[in-house]
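Please read the structure below before turning to the comments.
Read-outs throughout are calculated quantities, based only on the coordinates presented, and are distinct from any laboratory measurement. Quick caveat, the model's predicted, so the values are computed rather than measured. Positions of Cβ are generated from backbone atoms using ideal geometry, with glycine treated the same way; all protein chains shown enter the neighbour counts.
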Amino acid sequence: MPTTADNLRLVLLDRFLKGEAKIPQMPESAVRIKKLLDNPHTSLEQLTRVINGDPPLAAYLMHFSTTPLLRGNRACTSLRDLLGRLGTRQLSDLVLGFSLQHLFTSQDAALQQVFRERWRHARERAAYCAVLAQHIDFSLDDAMLGGLLQDIGSLPLLSELEHWPDLPRDPESLHALCEQLSGTIGALILTHWQLPPAVIECTKQYGQLQRTHAGAADLADLVLLASALQGTAAFSEPLPVQSKLGLEQPLAELRDELADALKLWKRLLA
């Protein structure tokens, strides 16, 4: 058993890198829908029937029936109509986002509490990503998925800690461990799932609010700005990502500017 915090982090990270700690598979419902979407012979009726067989998922998707995710200006009146107007990638991203909460399994009350807090934070980050994407014309579904997945590494890390009963269970220690290891573990997971490099980069850059890079603004910049808008920590403004994205006003002003749209997306992603 490691005796220092640094040793603990190294041992835990080494277990994931060597495959000794469980790296979760992509959620079953997301895999099932992806297979259907990858099959050119899948009909809209078949897809509708499969999703209707999962009422919570169907209800979640219908929440997006009046959002800018859809082609066209009219609201959808049925799941079939919604699926016909969602792009394949958009549908895959929404199903994956809905399924992520089931990746965490533990009977430990302290771990459950931290998971709930981090999952709520992930949904709020995805909502900020959505409003920022609309604000500066980024891909809306990529932005939401990048926000949801940025801290994905915390989920299997918390599950792994169930096998370490002697470790401290106070929220501060657990959150600190997640903050330090989430990016590396998350990148392992998303690489294993073969997600797009831009989404993997969002996870890899978790917590790197001073990130700089050559070239145009990218998805990771947007997700980092969303994280900064969530936080209460003090740092020098504007952040490098603000300059990249052309949003150099004080973060407090930007929060006020996005507040009304944020309420909608938080409700959709809840």
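The number of Lys pairs in the chain with C-alpha atoms less than 25 Å apart, excluding pairs fewer than 8 positions apart on the same chain, is 7.
For the stretch 13-269, the residue among GLY97, ILE23, PRO171 whose Cα projects farthest onto the positive side of the dipole built from Cβ charges is GLY97.
Ranked by how many other Cβ atoms sit within 10 Å of their own Cβ, fewest first, the residues SER43, SER243, SER29 fall in the order SER43, SER243, SER29. Under the convention that each Lys and Arg Cβ holds +1 and each Asp and Glu Cβ holds -1, the size of the dipole of the chain around its Cα centre is about 840 debye.
Apply 1/(1 + (r/R0)^6) to the Cβ-Cβ distance of ASP14 and ASP108, taking R0 = 25 Å, and write down the FRET efficiency to the nearest 0.05. Using R0 = 25 Å, I get an efficiency of 0.65. Volume per residue of the convex hull around the Cα atoms, evaluated for the chain, comes out as 143 Å³.
Ordered by the number of other Cβ atoms lying within 10 Å of each residue's own Cβ, fewest first, GLU201, GLU179 fall into the sequence GLU179, GLU201. Each stretch of four or more DSSP H residues adds -39500 (n - 2.57); spread over every residue of the chain, this sum gives -20000 deg cm²/dmol at 222 nm.
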